[in-house]
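**Q** First the structure, then my questions, so here it is.
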Amino acid sequence: MPILNFLKPVKNKKQKVLLLGSGALSIGQAGEFDYSGSQAIKALEEEGLEVIVLNPNIASVQTNPAPNKKVYLYPVTPFWIEKIIKKERPAAIIAGFGGQTSLNCVIELENSGVLKKYGVKVLGTQVSALEMSEDRDLFSKQMHSIGVPTPPSKAVRSVEDALKIAAEIGYPVITRSAYALGGLGSGLAENPQQLEKLAASALTAVPQILIEKSLHGWKEIEYEVMRDSRGNCITICNMENFDPMGIHTGDSIVIAPCQTLNNRENNMLRDAAIKIIQSIAVVGECNVQFALSPFTLEYFVIEVNARLSRSSALASKATGYPIAFVAAKVVCGFELLELKNPVTGTTSAFYEPSLDYVSLKIPRWDLKKFTGVSKQLGTQMKSVGEVMSIGRNFCEVMQKAIRMVQEDEEGLSKEIFKDAQNKELLSELLNPTNMRVFAIYELFRRGFTVQSVQNHTKIEPWFLSHLYYLSQLEGEVREFFKNIKLPSKITPKDIAKHFKDIDREYLKRLKSRGFSDFQLTKFLLSTAAAQRKFTVKEITALSLSLRALRKKLKITPVVKQIDTTSAEYATKSNYLYLTYDGNFNDVSIKSKNRSVITLGSGSYRIGSSLEFDWCSVMTSRYFKQQKDDSIIINCNPETVSTDYNSSDRLYFEELSFERVMDIADIERPRGVVACMGGQNPNNLTPYLANAGVKLLGHSYETVDKAEDRTKFSAILDRLCIDQPKWTSAASRAEIDAFIEEVGFPVLIRPSFVLSGTLMNVANDKQTLDYYLSLTKDISADYPVVLSQFILDAKELECDGVAKNGEVLVSFISEHVENAGVHSGDATMVFPSEKIYVKTVNSIRDIVRKIAKELKLNGPFNIQFIAKDNDVKVIECNARASRSFPFITKVSGHNLAETACKVMDEKPVSKIFVDESEIPYTGIKASMFSFQRLDGADPILGVEMASTGEVGCIGKNFNEAMLLAMESTQIKTPKKGILLSTGRERDKIKFMEVINNVYAFGLPVYATWGTAEYLQARGYNAVQLGYHKSPTPLDIIKEGKVDFVINVHKSLDLTELEYNSAIRKLAVKCNCSLLTNLEKSIAYLKAFDSYQALLEKEDLIHL
Amino acid sequence: MKQILKKEYEKAVLDLSNGVKMEGRLIGANAVSSGEMVFSTGMLAYSEAMTDPSYLGQILVFSFSLIGNYGIPSSNEGDFLKSYGYESAGIKTQGIIVSDTFDDCFHYEHGKNLREWLLLSGVPGIAGIDTRRLVQMIRDAKKPLFGRIVPQNKNAFYDNTRFEFLKNFGRTDFVDPSQYNLLPSVSVKTPITLGKGKNKIALLDFGTKFNIARIFAQNDCTVEILPWDSDVEKVNCDAWVLSNGPGDPQNTGGVINNVKKLLKGNKPVLGICLGHQIMALAAGAKTRKLLRGHRSFNQPVFEVETRRGFMTSQNHSFEVNRKSLPKGWQVWFENANDGSIEGIKHKNKPFMSAQFHPEASGGPNDTTWIIKEFIKLIA
């Protein structure tokens, strides 16, 4: 059956389809949905449909304006969806491409009758099926009716029943109490004695507990399944978790295809997966997760996601099969049998890809960015991004992936646990954190066996034995180098000399098992010159002699295609990877082709996210249009840049110096773009420049001047541009001298941190001492950078593009929060609203001067602090910034494109955009994922903590602010409000919006001082103290408030602790939480326009 | 003396009939071996493939880069017919070519590792070959490609008694199996019975995969596995199954005439793979050799009447020519990639056949229903 009837044009008028995005990136719902949505839009447009996109995620590729497409930057909620439906009258709505958020919305809209009212059909899996897959009980019943087992579990009210049920289920069991916070009553019981104790203690606190079969240590296996409306089904990919059941699959290392299952196990689970989605009647894509016993054929289905997911994005990138694209066609009514596999172009889309390589995903955690967070991995996902490596053997992909995720050429062999006791390492295995792989490797180095590590970790020994093998190889190499004495001044020749003594075949084996030149060089240096310390720069420089030797010996990686068919059919696939486990290139690059390599952003992480993928995609598209061979290197499976048609050739590869050089050797590009993918590729600039690679845009000197604090600071001094005072202190005396000069507060940035966050603000001597106690001894090797911390100042940013030192275009935006909140967490307003003309002029003048002095030649971002027209420069980035897509979409001027023209040396004249002509205000706000991060203090500070962002536009500031806040899960209060408004002067400021607080007509609670202040001014607030019940914590726990404003009074440690408890609990209890005074005021003030916004029918779109 | 960091491996060369030579590490027996070069893109089920008699006379290249991960299953007291993972009593391929193997196996069902199994079976293999390149070479060859595995060690043995047809070839020859009737090399010599069901199935063994017999036996059938050249008129049964097997369907002795006799009767007949081709020939259709065969677990087929689609396991070099299909027969299944015939069915009589393997093993179980439906035809 071709396209569904109601999607066919009526009287030549295209039908509209509403596609819901997933909103801001958060833990558990990240960039993968930009990829799936973008592919879907392509597929829908191809079928002659007009796509209406609802997604406030302004940095996504899917929200780029285009003909035949309308983009609404509004919260993805039933309320706004209904408004858009009313305005656009789409024929259908698609829920499957915007994660859980969009799925929940469509379920709600169907049940409330909205879809029926407007005659909007749901494409793909129908709502009744979605509800069934989401509801534990319904799902479980359905599974049992088709003979698929779900993990046994039963609620009990007595210890006797608990023991009875456990005997039925079989030990070990988990006890869980459904209604308790903080995991009270949860535990693992291996035998009746343990269970009796656990159950007895739990049942004193709660009336009922769940007894569940423990699947800890079972294999976790996933299948990606697609089903069309006729009922034909394919399993596109299966995946196996390196980590056993018990660690969330989003936090697990995952390999595709499954490695340790035999044919019978695989097909048993495949049959079950198909049976499940047939019985749910999924139309489109579906993910099925199983637990499989490592000792029998016993299995359970754990979860079904009847939509595109993180796993489906991974499966798509792992196999090359464009799942989202085909799924979009399928939900429009096409049969798999009538669609072609887009990779081959000739064979059927009704096909299960065959791989002749393996791919491995490793999640990226940024836990060090959060104060107090538990680093332990468990059933709650904590990672913020991921990388995927492709290779021909497990050792190779493991080593590649670890380098990708660590952004460190040393990878697996980095001696992170060198000084740890065995006991410490074993405890890391029992309570795994994000560092577990390094602990395992260190134990193998120390001679521990696969068996003993398996006993502690329950990780499948097949995986462990490869890590063991790598440790053996490292040992052999080190042993060989043991008797070498390197001269005091080591030259590249010395390095080459010793590597020449390694047999060619052996060296090739080392390379094919994934060791980088850097790693091997470091083995030599740290064995034969163990007393000396080498910097990354020195080791990299010396490793070049090994590189030269390898090339002479013809040990170079080969290029292989990912083609979905394991070469059964010849394809023109441009989806490539490099491996040393092979001897022939699949593709030959004709040297006459002009190619440009764009370096992508690597894994999403806090501070570098979707926005840099947007910049990379824009860059690649630009050079594609210029008839260059546009090449992308990236290793992040959640991206649009790694889509099969975002470039002319995609190298799904490491963004390491060695690998970029390998690709440059193969491609012989006319230039490499390193300034569009964020800090990660930008860091390669000095190495690439040294190696003679032509960088497009900024020269290495420019980047260096901007990046090197000392150099940049000296330039500012020379140009008479003000900057906050700072110093790099090598001793306590130097620190004290600096503080003597500038006074508190100061921002401290140690170069080596033992635990906790990297940057902190010290308000007094006590906090300074505390933070310094967390760092290693201060010395010339480990200095501490201190800077003056300016209070109550505005922070402003200027994004733009310069050519040969002349500014072509620039835009100024302002932060809602005062300086002190990381620019990545701040709420940004564009066009700016509240800055003096004089400040604007000063900024423009400074930008011109810096551009000229640094000879900026490409995209840039400069950040400022302004207080009473006194403007100081904080930093300058000679690269595209986080705000590029936001500024581009609000201003209507594409900064990325202008930057590309500059890099391409195309003529571009100065561009003047009159900001007063921009008919609306844009606000970019940050999304936080504190709910997922147990123990983390949800406070804004100098370290960035947000995991995503949105950008909303409104007729004025207030509208945009309300939309942006709603889009970042700040919900209008419904139950009660808890106030704690900080210092005296903050309290005074807050009075500006106090009437809006009371206008909600809800009970207002306040902490002691705040309540006193309010009462004195005639406002009624329930006064709460820390030491008198009810405390603020009680009020939150009891659900009396759902909206908390908590502005801390000072940076005093006790004060911080009190407030921290309130903030943590507020997040845990699902309250909306604001911790910044200016942001709180701006939000509450915005309610002046609330009614007008709600009544609005004519929504703004791009 | 200068020290060198080195590891010694026994080497072997893959010597191809197109003149290309590839060097790798010898795995398994120190033996010279030759056969037709074929590749499979299945990512699992290497032991099933290596024991599949349809691979007789062939050197099998695994396109997936890691082979041997879960070891070789231990056999059920030597009874391969009942042992999962074995499709016949031993390795049938002439040798294997892999990118990599790993000796440490941990699967609870594993007995030996791949290397040990090859060694004990007297079969050589080569690891460390760029198998993707080799697959492309076989794929793009304009005529069938033959290869020899030649260990570096001069004492490598040559055994031409492993299978009956090998007597025709010397140590330095390229073995081309399709010149010969291969059925005597793989068929049982005397009947074997499996199962105690109420339906009596006669399985003509052209080199059957054991899983065909296992599925029938699990579904209330008694299966009698008969030598390929049995006199069909003397067999007492409820239904006939023509098994898979190696080689050219036209080069199968008197089998076609035998099957013609079955098609004159009214008992249900199911042909699988070679059995399908032989049934088509017996019905009067023609077969021809494909430039390259289908060997994988992901061949998409659909039932023509219903457009129901299935992933199938396949291993064949020959196909039934669509135009030659005689009156009274219809195309049952079609390949979704290249439109080739994947199954035929008689319009009135209970005769049907599939080019793919409904018994799977290895590969997906999407078409096991064919066997179950077939059993239902036995009234």
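**Q** Are any residues in region A:844-858 open to solvent by 10 Å² or more (accessible area, probe 1.4 Å) and either within 16 Å of A:Cys720 (Cα to Cα) or among the small types (Gly, Ala, Ser) (or both), and if so, which ones?
**A** The first filter runs over region A:844-858 and keeps only residues open to solvent by 10 Å² or more (accessible area, probe 1.4 Å), leaving A:844-846, A:848-849, A:852-853, A:855, A:857.
Scanning region A:844-858 gives A:Arg844, A:Asp845, A:Ile846, A:Arg848, A:Lys849, A:Lys852, A:Glu853.
**Q** Can you name the strands (runs of 3 or more DSSP E) wholly within region A:1017-1102 that have at least 3 residues being open to solvent by less than 60 Å² (accessible area, probe 1.4 Å)? Lay out the reasoning, then the answer.
**A** Numbers: elements: A:1022-1024, A:1043-1047, A:1072-1074.
Result: A:1043-1047, A:1072-1074.
**Q** Let me ask another. All but one of (1) without any contact (Cβ under 8 Å) to a residue 24 or more places away in the chain; (2) of a type in the set (Lys, Arg); (3) closer than 30 Å to B:His294 by Cα hold for A:Arg532; state the number of the condition that does not hold.
**A** The one condition A:Arg532 does not meet is (3).
**Q** I'd like to check something: does region A:442-449 contain any residue that is in a loop (DSSP other than H, G, I, E, B), at positive phi and surrounded by fewer than 19 Cβ atoms within 10 Å (Cβ to Cβ)?
**A** For region A:442-449, residues in a loop (DSSP other than H, G, I, E, B), at positive phi and surrounded by fewer than 19 Cβ atoms within 10 Å (Cβ to Cβ): present.
**Q** May I ask you to list the residues in region A:193-237 that are over 29 Å from A:Phe463 (Cα atoms), buried (at least 24 other Cβ atoms within 10 Å of the Cβ) and away from every other protein chain (no Cβ under 14 Å)?
**A** Across region A:193-237, the qualifying residues are A:Leu195, A:Ala199, A:Ile209, A:Ile211.
**Q** Applying the selection to region A:521-535, what residues are assigned to a loop (DSSP other than H, G, I, E, B) and under 35 Å from the mean Cα position of the chain (by Cα)?
**A** Scanning region A:521-535 gives A:Lys533, A:Phe534, A:Thr535.
**Q** Residue by residue through region B:359-379, note down the ones that are part of a loop (DSSP other than H, G, I, E, B) and within 13 Å of chain A (Cβ to nearest Cβ).
**A** If the condition is that a residue be part of a loop (DSSP other than H, G, I, E, B) and within 13 Å of chain A (Cβ to nearest Cβ), then B:Glu359, B:Ala360, B:Ser361, B:Gly362, B:Gly363, B:Pro364, B:Asn365, B:Asp366, B:Thr367, B:Thr368 are the ones that fit.
**Q** Let me ask another. What is the residue count in region B:324-369 for residues that are closer than 17 Å to B:Leu262 by Cβ and within 23 Å of the chain's Cα centre (by Cα)?
**A** Qualifying residue count for the region: 6.
**Q** Of the conditions (1) in contact (Cβ under 8 Å) with a residue 40 or more places away in the chain; (2) under 26 Å from A:Ser36 (Cα atoms); (3) away from every other protein chain (no Cβ under 14 Å), A:Leu684 clears all except one; give me its number.
**A** Checking A:Leu684 against (1) in contact (Cβ under 8 Å) with a residue 40 or more places away in the chain; (2) under 26 Å from A:Ser36 (Cα atoms); (3) away from every other protein chain (no Cβ under 14 Å), the one that fails is (2).
**Q** So which of A:Val283, A:Val301, A:Val326 ends up being crowded, with 24+ Cβ neighbours inside 10 Å, more than 26 Å from A:Asp563 (Cβ to Cβ) and of a type in the set (Val, Ile, Thr)?
**A** Just a single option satisfies the conditions, and that option is A:Val283.
**Q** Applying the selection to region B:75-110, what residues are of a type outside the set (A, V, I, L, M, F, W, C) and away from chain A (no Cβ under 12 Å)?
**A** Result: B:Ser75, B:Asn76, B:Glu77, B:Gly78, B:Asp79, B:Lys82, B:Ser88, B:Gly90, B:Lys92, B:Thr93, B:Gln94, B:Gly95.
Conditions tested, residue by residue: (1) open to solvent by less than 10 Å² (accessible area, probe 1.4 Å); (2) under 25 Å from A:Ala964 (Cα atoms); (3) out of contact with any Gly (no Cβ under 8 Å at 6 or more places or on another chain).
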residue	(1), (2), (3)
A:Val809	yes, no, no
A:His815	yes, yes, yes
A:Val829	yes, yes, no
A:Lys834	no, yes, yes
A:Ser842	no, no, yes
A:Phe860	yes, no, no
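**Q** In the list B:Gly19, B:Gly28, which residue meets the criterion of being open to solvent by 10 Å² or more (accessible area, probe 1.4 Å), without any contact (Cβ under 8 Å) to a residue 40 or more places away in the chain and away from every other protein chain (no Cβ under 12 Å)?
**A** Matching residue, one of B:Gly19, B:Gly28: B:Gly19.
**Q** Among the listed residues A:Glu479, A:Glu442, which satisfies the condition of being at pLDDT 95 or above and more than 27 Å from A:Thr260 (Cα to Cα)?
**A** Details: A:Glu442 fails: more than 27 Å from A:Thr260 (Cα to Cα).
Criteria check complete, one pass: A:Glu479.
**Q** Here is a follow-up. Mind checking which residues of region A:503-518 are facing chain B (nearest Cβ under 8 Å) and of a type in the set (D, E, K, R)?
**A** Selection gives A:Asp503, A:Glu505, A:Arg509.
**Q** Right, something else. Please tell me if B:Ile138 is assigned to a loop (DSSP other than H, G, I, E, B), within 13 Å of chain A (Cβ to nearest Cβ) and buried (at least 19 other Cβ atoms within 10 Å of the Cβ).
**A** So B:Ile138 fails the test.
**Q** Just a yes or no: is a residue in region A:470-488 within 14 Å of another protein chain (Cβ to nearest Cβ), open to solvent by less than 50 Å² (accessible area, probe 1.4 Å), in contact (Cβ under 8 Å) with a residue 60 or more places away in the chain and of a type outside the set (A, V, I, L, M, F, W, C)?
**A** yes
Let's see how each residue does on (1) away from chain B (no Cβ under 14 Å); (2) within 30 Å of B:Phe62 (Cα to Cα); (3) among the β-branched types (Val, Ile, Thr):
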site: A:Val343; (1), (2), (3): no, yes, yes
site: A:Tyr351; (1), (2), (3): no, yes, no
site: A:Gly372; (1), (2), (3): yes, no, no
site: A:Gln376; (1), (2), (3): yes, no, no
site: A:Gln380; (1), (2), (3): yes, no, no
site: A:Gly391; (1), (2), (3): no, yes, no
site: A:Phe394; (1), (2), (3): no, yes, no
site: A:Ala401; (1), (2), (3): yes, yes, no
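**Q** Now a separate question. Select from region A:923-937 the residues that are over 30 Å from A:Pro831 (Cβ atoms) and touching a strand residue (DSSP E or B) at 6+ places or on another chain (Cβ under 6 Å) and list them in ascending order. Step through it out loud before you land on a result.
**A** Step one: of region A:923-937, the residues over 30 Å from A:Pro831 (Cβ atoms) are A:930-937.
If the condition is that a residue be over 30 Å from A:Pro831 (Cβ atoms) and touching a strand residue (DSSP E or B) at 6+ places or on another chain (Cβ under 6 Å), then no residue fits.
**Q** Consider A:Tyr575 carefully, then state whether it is of a type in the set (Phe, Trp, Tyr), at pLDDT 95 or above, within 20 Å of A:Ala315 (Cα to Cα) and touching a strand residue (DSSP E or B) at 6+ places or on another chain (Cβ under 8 Å).
**A** In short, yes.
**Q** Only one of (1) at pLDDT below 95; (2) in contact with an Asp or Glu (Cβ under 9 Å, 6 or more places away or on another chain); (3) open to solvent by 70 Å² or more (accessible area, probe 1.4 Å) fails for A:Glu984. Which number is that?
**A** Unmet condition: (2).
**Q** Output the residues belonging to region A:728-750 that are under 18 Å from A:Gly820 (Cα atoms) and touching a Leu at 6+ places or on another chain (Cβ under 6 Å).
**A** A:Val746, A:Ile748
**Q** Same structure, new question: Only residues that are open to solvent by 10 Å² or more (accessible area, probe 1.4 Å) and touching a Pro at 6+ places or on another chain (Cβ under 8 Å): list them for region A:493-530, please.
**A** Matches in region A:493-530: A:Asp494 only.
**Q** Among the listed residues B:Thr131, B:Thr51, identify the single one that is within 14 Å of another protein chain (Cβ to nearest Cβ), farther than 30 Å from A:Ile562 by Cβ and at pLDDT 95 or above.
**A** B:Thr51
**Q** Counting only residues that are polar (S, T, N, Q), give me the helices (runs of 4 or more DSSP H) lying completely in region A:115-175 with at least 3 of them.
**A** Details: elements: A:127-134, A:136-145, A:159-169.
Fully inside region A:115-175 and qualifying: A:136-145.
**Q** Can you tell me which residues in region B:279-317 are within 16 Å of the chain's Cα centre (by Cα) and either of a type in the set (Phe, Trp, Tyr) or closer than 25 Å to B:Ala379 by Cβ (or both)?
**A** B:Phe297
**Q** Counting just the residues of region B:34-48 that are open to solvent by less than 10 Å² (accessible area, probe 1.4 Å) and in a strand (DSSP E or B), which one comes out farthest from the other protein chains (Cβ to nearest Cβ)?
**A** Filtering region B:34-48 for residues that are open to solvent by less than 10 Å² (accessible area, probe 1.4 Å) and in a strand (DSSP E or B), the one farthest from the other protein chains (Cβ to nearest Cβ) comes out as B:Ser34.
The values are calculated or read from the model by the stated rules, or taken from the named source; none is laboratory data. On a predicted model such as this, the values are computed, not experimentally measured, just so you know. We place every Cβ from the backbone using ideal geometry, glycine too, and count neighbours over all the protein chains shown. The accessibility values were calculated without ligands, DNA or RNA, using every heavy atom of the protein model including side chains. Shrake-Rupley method; radii C 1.70, N 1.55, O 1.52, S 1.80 Å.
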